[in-house]
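What follows is a short report on a single structure.
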Amino acid sequence: MPRPIARLALPLCLVFCGFAFAQQLPSALSVDPARDAKYPASMVSLADVPSHGENLLGVFYLASGAGPHPTVVLMHGFPGYEQNLDLAQAIRRAGWNVLAVHYRGSWGVKGEFSFQHAIEDADAEVAFVSDPANAKKYRIDTGKIVLLGHSMGGFLVASAAAHDRKVAGVAMISAWNIGASFPPASSGTSQHTADEGVKSDLVEKFTAENNAVPLVGCTVESLVNEAYEHRAAWNFNDFAPNLTSRPVLVVTSDDGLAPADETFATALKKAGNTRVTEAHFPTDHAYSDHRVALTVVVLNWLASLQ
């Protein structure tokens, strides 16, 4: 074992103590694939992922070799400052294609951003990689399409997988359960006061984080109101019965979202899913000081699906 890897082995062993399936360091963490002269690994810029009259923009990281390759659809959060493209590169080294695009109204994509549009765009991304013509063009194994999402993207991958039973697996990293941000709907003055308080806190948080800066067609106020109005429909615990047959990875951190994500993992198990994998890291929402550890968990989980 080379010296750099040896130095990593001890801390990672400690990190993964208790995670039975994440015992070894995957080679894709540090070793490039052998070059295939005819079908080399490549990055294709995309401007033609159709969604409701607009084209989503992004990149397709294509794995080395003729394939067809298992394919990950990587969905970033709100608004997408952290895009987890280090995960995309590592996943490609492991032999998977990775599609990563932006939603309507974000990061230069035409159209207006809203949570509803992002939900629709997530479905459109799955449809894109499932299309036979695209599967042939990009060497996609349509029987092995896995969705991986961070933050809002975690909600989107759960939603998209619930809508399409052909999705082979779902990985959620610090997923934001949009509807569960608010107390359950009821009547009364105290409920209204509580709701307004949560809405005000979210507006303040999103404003401080500059979340509306790379978005068009919305304001933080309009987005908070949209989430509030759809709070009953946008609770991913309700997706659990549609995900019982697929493996699901739930990764959490110390960002305050862990309790909601752990509740979702419990809901999956209660619904009959016997392939739920959980991991927790003592770090922030972006996994800023646990990127290698996060990558190991994702790579080993993907390897368990093959």
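The values are calculated or read from the model by the stated rules, or taken from the named source; none is laboratory data. Everything numeric in this text was worked out from a predicted model, so none of it was measured. Cβ placement follows ideal geometry from the backbone for every residue including glycine, while neighbour counts extend to all protein chains displayed.
Residue check, W96 against (1) touching a Ser or Thr at 6+ places or on another chain (Cβ under 8 Å); (2) among the aromatic types (F, W, Y); (3) over 30 Å from K38 (Cα atoms), all met but one. Which one?
Only one criterion in (1) touching a Ser or Thr at 6+ places or on another chain (Cβ under 8 Å); (2) among the aromatic types (F, W, Y); (3) over 30 Å from K38 (Cα atoms) is unmet by W96, namely (3).
Return yes when S106 is under 21 Å from I178 (Cα atoms) and surrounded by 23 or more Cβ atoms within 10 Å (Cβ to Cβ) and no when it is not.
On the way: under 21 Å from I178 (Cα atoms): yes; surrounded by 23 or more Cβ atoms within 10 Å (Cβ to Cβ): yes.
Criteria met by S106.
Going by what's in this entry, would P247 be described as in contact with a Gly (Cβ under 6 Å, 6 or more places away or on another chain) and closer than 16 Å to M172 by Cα?
Considered against the rule, which asks whether it is in contact with a Gly (Cβ under 6 Å, 6 or more places away or on another chain) and closer than 16 Å to M172 by Cα, P247 comes out as yes.
Restricting to the stretch 239-282, name every residue that is of a type in the set (V, I, T) and touching a strand residue (DSSP E or B) at 6+ places or on another chain (Cβ under 7 Å).
In the first step, residues of the stretch 239-282 are kept if they are of a type in the set (V, I, T); the result is 244, 248, 250-252, 263, 266, 274, 276-277.
Scanning the stretch 239-282 gives V248, V250, V251, T252, V276, T277.
What number of residues in the stretch 130-167 are β-branched (V, I, T), surrounded by fewer than 24 Cβ atoms within 10 Å (Cβ to Cβ) and over 16 Å from the mean Cα position of the chain (by Cα)?
The qualifying residues number 1.
Can you give me the number of residues within the stretch 81-102 that are closer than 20 Å to F155 by Cβ, touching a Leu at 6+ places or on another chain (Cβ under 9 Å) and assigned to a loop (DSSP other than H, G, I, E, B)?
Of the residues in the stretch 81-102, 3 are closer than 20 Å to F155 by Cβ, touching a Leu at 6+ places or on another chain (Cβ under 9 Å) and assigned to a loop (DSSP other than H, G, I, E, B).
Is it true that some residue in the stretch 282-304 is touching a helix residue (DSSP H, G or I) at 6+ places or on another chain (Cβ under 9 Å), farther than 19 Å from Q89 by Cα, of a type outside the set (D, E) and not in a loop (DSSP other than H, G, I, E, B)?
No, the stretch 282-304 contains no residue that is touching a helix residue (DSSP H, G or I) at 6+ places or on another chain (Cβ under 9 Å), farther than 19 Å from Q89 by Cα, of a type outside the set (D, E) and not in a loop (DSSP other than H, G, I, E, B).
Could you count how many residues in the stretch 33-66 are surrounded by fewer than 18 Cβ atoms within 10 Å (Cβ to Cβ), modelled with pLDDT of 95 or more and over 25 Å from A158 (Cα atoms)?
11
Please tell me if T274 is modelled with pLDDT of 95 or more and not in a loop (DSSP other than H, G, I, E, B).
No.
Counting residues that are closer than 26 Å to C218 by Cβ, which helices (runs of 4 or more DSSP H) fully inside the stretch 111-196 reach at least 2?
Answer list for the stretch 111-196: 115-130, 152-163.
If the Cβ limit is 7 Å and pairs must be 6+ apart or interchain, which residue in the stretch 28-57 that is without any contact (Cβ under 8 Å) to a residue 60 or more places away in the chain and under 29 Å from E120 (Cβ atoms) pairs with which residue that is among the hydrophobic types (A, V, I, L, M, F, W, C) and exposed (fewer than 12 other Cβ atoms within 10 Å of the Cβ)?
Sorted first by the residue in the stretch 28-57, then by its partner, the pairs are N55/A47; L57/A47.
Go through the stretch 166-201 and give me each residue that's in contact with a helix residue (DSSP H, G or I) (Cβ under 9 Å, 6 or more places away or on another chain), at pLDDT 75 or above and aliphatic (A, V, I, L, M).
Within the stretch 166-201, V167, A168, V170, A171, M172, I173, A175, I178, A180, V198 meet the criteria.
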